[in-house]
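First comes the structure, then the notes that go with it.
The values are calculated or read from the model by the stated rules, or taken from the named source; none is laboratory data. It should be emphasised that the depicted structure is a prediction, and the values quoted were computed from it without experimental measurement. Cβ sites come from the backbone with ideal geometry, for glycine too, and all protein chains shown count toward neighbours.
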Amino acid sequence: MFTYKELHAATNGFSEDNKLGKEGFGSVYWGRTNDGLQIAVKTLKAINSKAEMEFAVEVEVEVEVLGRVRHKNLLGLRGYCAGTDQRLIVYDFMPNLSLLSHLHGQFAGEVQLDWKRRMKIAIGSAEGILYLHHEVTPHIIHRDIKASNVLLDSDFEPLVADFGFAKLIPEGVTNMATRVKRTLGKPIEKLPGGVKRTITEWAEPFTIKGRFRDLVDPKLRGNFDENQLKKATNVAALCVQSEPEKRPNMKEVVSVLKGCDHSNGKEMEMRIVLSTKRS
Ligand SMILES: Nc1ncnc2c1ncn2[C@@H]1O[C@H](COP(=O)(O)OP(=O)(O)OP(=O)(O)O)[C@@H](O)[C@H]1O
Ligand SMILES: [Mg+2]
C-alpha cells in the first residue's frame, strides 16, 4: 500500500527528530505524506536478529488483525510496506499522542486531562477492548494494554493501539484468560530494601478501606466526580484480580463505567469486599 521510498521521504529518512518513542521491538516515526496526511510509521532497525524475527511475526499478526478490526476506539491500519528486508506499519498519527504522555510524559505539565476527559478515555478504551473480546471473531485478547498504547485523537477520544501481542482466540474456547500470562501493573516505586511495588499493590489498601480520594491524581486539584471514581476504582480492582474467573467481563466493565447499571455498582462493591476477604 505504501512504498519504502514514500515512507522514507515522509519521515525525513527515518530521522531521529521524527522519532516518537523509545526503542523496543521497533521505533515509531512521525511523518507527512505527499498529500499532507500525518502518519506514524512503525519500523525495525535490527537485521537478522531474534528481535527481527519476533517483529516479523508481530507485523504479520498486526496486519492480519488490524485488517479485520474496525472500531472508533481501536487504532486501525492505514497501510503497510512489506519488502524483503523491511517491514513497516503505517497508522494515522494521533495529535495528542498517548495517554502516557499526558500522565507522565511531555504533556504532563499542561494538565489537559480533566476528570471528564479521563472518564471518556476509560470508557472508550473499555469499549474498544469489549469489541475485541466479544464482537470480532475470532475473539482477540490484546495482552499489552498500557498508557502508551492508548492514543488520543484531537478530541481526546482514545484509540487502543498495538495489536502486535494479540492472541487470537479460536471459536468455542472460553477459558482463554487462564492461558494468558502478563503482569498486572508494572512496578512504580521501590520500597526500602529494594522491594518493588506495583501500582495495583499501592492502590489496594486504599480501595479496601474505601479511601478513594487518596488515589486521585493531585493534578486534578480535587475536581472529580466521587461516585464515578468509586465505581471506576472498584471495577478496576476486580479486573486486576489474579484469578481470571473472578474478573468481570468487558460488558460488565463498560456498563459500570458508563453508570448505566446502578445495581451493578452495588454488586461490584459487594464482590470486591468478598474477594478481598477470601484472599
Ligand atoms: N499513531 C500514533 N500517533 C502518535 N503517537 C504514537 C502512535 N503510535 C505510537 N505512538 C507513540 O510512539 C511511541 C512508541 O510506540 P511503541 O509502540 O513502539 O512503544 P510502546 O507503546 O511504548 O511499547 P509497545 O512496543 O509495548 O507497544 C509511544 O510513546 C507511542 O505512544
Ligand atoms: Mg505501543
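Some points to look at:
- Qualifying residue in the stretch 68-81 (condition: more than 16 Å from ligand 2 (Cβ to nearest atom), under 30 Å from HIS139 (Cβ atoms), outside any loop (DSSP other than H, G, I, E, B) and small (Gly, Ala, Ser)): yes
- Given (1) closer than 19 Å to ARG221 by Cβ; (2) in contact (Cβ under 8 Å) with a residue 60 or more places away in the chain, number of the condition ALA126 does not satisfy: (1)
- Some residue of the stretch 90-110 being more than 18 Å from LEU20 (Cα to Cα), assigned to a helix (DSSP H, G or I) and among the acidic types (Asp, Glu): yes
- Residues in the stretch 205-229 that are touching a residue at least 60 places away in the same chain (Cβ under 8 Å) and part of a helix (DSSP H, G or I): THR207, ILE208, LYS219, LEU220, GLN228.
- Identity of the residue in the stretch 89-115, among the small types (Gly, Ala, Ser) and more than 8 Å from ligand 1 (Cβ to nearest atom), that ends up farthest from PHE156 (Cα to Cα): GLY109
- All positions within the stretch 111-150 that are more than 27 Å from TYR29 (Cα to Cα) and assigned to a loop (DSSP other than H, G, I, E, B): ASP114, VAL136, THR137, PRO138
- Pairs linking a residue in the stretch 99-120 that is without any contact (Cβ under 8 Å) to a residue 12 or more places away in the chain and on the phi < 0 side of the Ramachandran plot to a residue that is polar (S, T, N, Q) and surrounded by 13 or more Cβ atoms within 10 Å (Cβ to Cβ), with Cβ atoms under 6 Å and 6 or more positions apart or on different chains, are PHE107/SER101.
- Residues of the stretch 79-104 satisfying the condition of being modelled with pLDDT under 90 and under 19 Å from the mean Cα position of the chain (by Cα): ILE89
- Within the stretch 105-115, the set of residues being out of contact with any Ser or Thr (no Cβ under 9 Å at 6 or more places or on another chain) and closer than 25 Å to LYS72 by Cα comprises VAL111, GLN112, LEU113, ASP114, TRP115.
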